[in-house]
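What follows is a short report on a single structure.
Please treat every number below as a calculation from the coordinates, not as lab data. As the structure is a computational prediction, the values presented were derived from the model and not from experiment. Here the Cβ positions follow ideal geometry from the backbone for every residue, glycine too, while neighbour counts run over all protein chains shown.
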Amino acid sequence: MGNAGEAVGESAEKRVTWAELYFDLIFVFAITQVSGLLHHRHDPVGIVQALVVFVPVYWCWVGTTVQANIRDVDTARDRLGILAVGLTGLMMALAVPGAYGNRGVLLGAGYWAARIVLLLLVVRIPGAWRGPYGVGVLVSGPLLVAGGLLPEGPRVLLWALAALCDLAGPVVFRRRLANVAYHPAHMPERFALFLLVALGESIVGIGASAAAVPLDAAELVAVTAAFTISAGLWWQYFVFAADAMRHAVAVADSRRDMVRRVFQYGHLALAASVIAVAVGFGETVADPRRALGAGAVGLLYGGCGLYLLTFGYTRWMMFRSVATTRIVAAGVVLALAPAMVRWPALAALVALAVVMVVLNVVEHLIVTRAAADGPTDGPAGEPAAGPVAETAAETAGHPVVGGPV
């Protein structure tokens, strides 16, 4: 998408509507259900099963967010459409616990219905069905319904194929999407809200586990360490990355590609990793004195490592810059994981909390130094302010808005 096409909508910043925020409440429940499925079985097969179920839930949310971004949805017709997709999302969430049992068809039918509603909402856009929305109606939706009729093994394979078809849609139809004019402020805000919903699940994982057991000293330390980790994950995104992502979309030569790579794909990994960490909290906080199994460590440390590595991917997509501190921190987390299998859960939580605190302190120092070294505005000689100045750890050396990215 060229700059001419992307100038549409620049004059008025698009805001998230109340209908979209209400719609997100359904996905709070959906993420809780996916988390419960992973909690029930978190060996490699269970992780794959949970991911295969999570992708259509996430992609249903993405489809609604994209259509809300490119159109005016603050109308009665579109509010009803968003609520209809919300109802189908609720059906999908109800199906998740039995997705590999007798509720597979319900999951598939809910998703197919959501994609049909979304296509109807954008059908006035010429050629809308010959793109990702059409893929959902003609390909992935039917595959999910058909998979729900099959035994567990073939069901996973067919659902995985449906997920791949959905995820490939924006790439396959890249040229057809070239003239889509994305609103640069709305899209980062929506994906940040989705990640915040996922982070909320980490708080539930801590609180629900602690509320069900006696609160002795070890338990309270475990809760504190787990909350420190959750807050550290929040800090990494909302203090260091969120404004930089918004800035990257605003100045991108191709917003279509930036949205696809950083938000649609990058945030799938971010949200999935946070869900894994949330389930890991449930496994560790409940009994901080016992040694963890490989599955619980894999969720807690693997999820945190994936979260940090994903920022390496997003930073490269945005600024062609290496996220050195986060990649190093991810390496430390993953290197510690094997030893944590033999240690008490409390030690595993404290060690991971220390890594997150050190990482955030280091990146805070990077931000402070970059802001202090930047060009000055005004007679007081104060550092120039702005999204990139405030997030220098994410932009890695581009401390002035309007500077080279």
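Under the rule of -39500 (n - 2.57) per DSSP H run of 4 or more residues, summed and divided by the residues of the chain, what mean residue ellipticity at 222 nm is obtained, to the nearest 500 deg cm²/dmol? Computed mean residue ellipticity for the chain: -23000 deg cm²/dmol. Between Ala291 and Asp373, the modelled labels are 4.6 nm apart [label points 7 Å from Cα along Cα→Cβ]. Considered as an equivalent ellipsoid built on the Cα gyration tensor, segment 127-216 has semi-axes of 35, 25, 8 Å, the largest given first. Across the chain, the relative contact order, built from alpha-carbon pairs under 8 Å that are at least six residues apart, equals 16 percent. Here the simple spin-label model places points 7 Å from the Cα toward Cβ, and for Ile327 and Leu83 these points are separated by 4.9 nm. Ordering 191-203, 132-144, 276-288 by mean Cβ neighbour count within 10 Å, with the highest value first, yields 276-288, 132-144, 191-203. Using the empirical formula 2.2 N^0.38 Å as the baseline, the Cα radius of gyration of segment 1-182 reaches a ratio of 1.05. Using C-alpha pairs below 8 Å separated by at least 6 residues, the relative contact order for segment 184-405 is 24 percent. Take the Cα of Ala339, step 7 Å toward its Cβ, do the same at Ser254, and the gap between the two points is 4.4 nm. Under conditions of 20 °C and 1.002 mPa s, the chain yields 97 µm² s⁻¹ as its translational diffusion coefficient, taking Rh as the Kirkwood radius over Cα pairs in the Stokes-Einstein equation.
Taking 0.36 nm per residue of separation and subtracting the current Cα-Cα distance, fully stretching the chain between Arg175 and Val362 would add 63.2 nm. Across segment 163-260, counting alpha-carbon atoms alone, Rg and Dmax equal 19.1, 59 Å. Over all other residues within a Cβ to Cβ distance under 14 Å of Val213, the charged ones net out to -2, with Lys and Arg as +1 and Asp and Glu as -1. Going 7 Å from the Cα of Leu193 toward and past its Cβ, which residues in segment 28-62 have a backbone nitrogen under 19 Å from where you end up? The answer is 28-32, 57-62.
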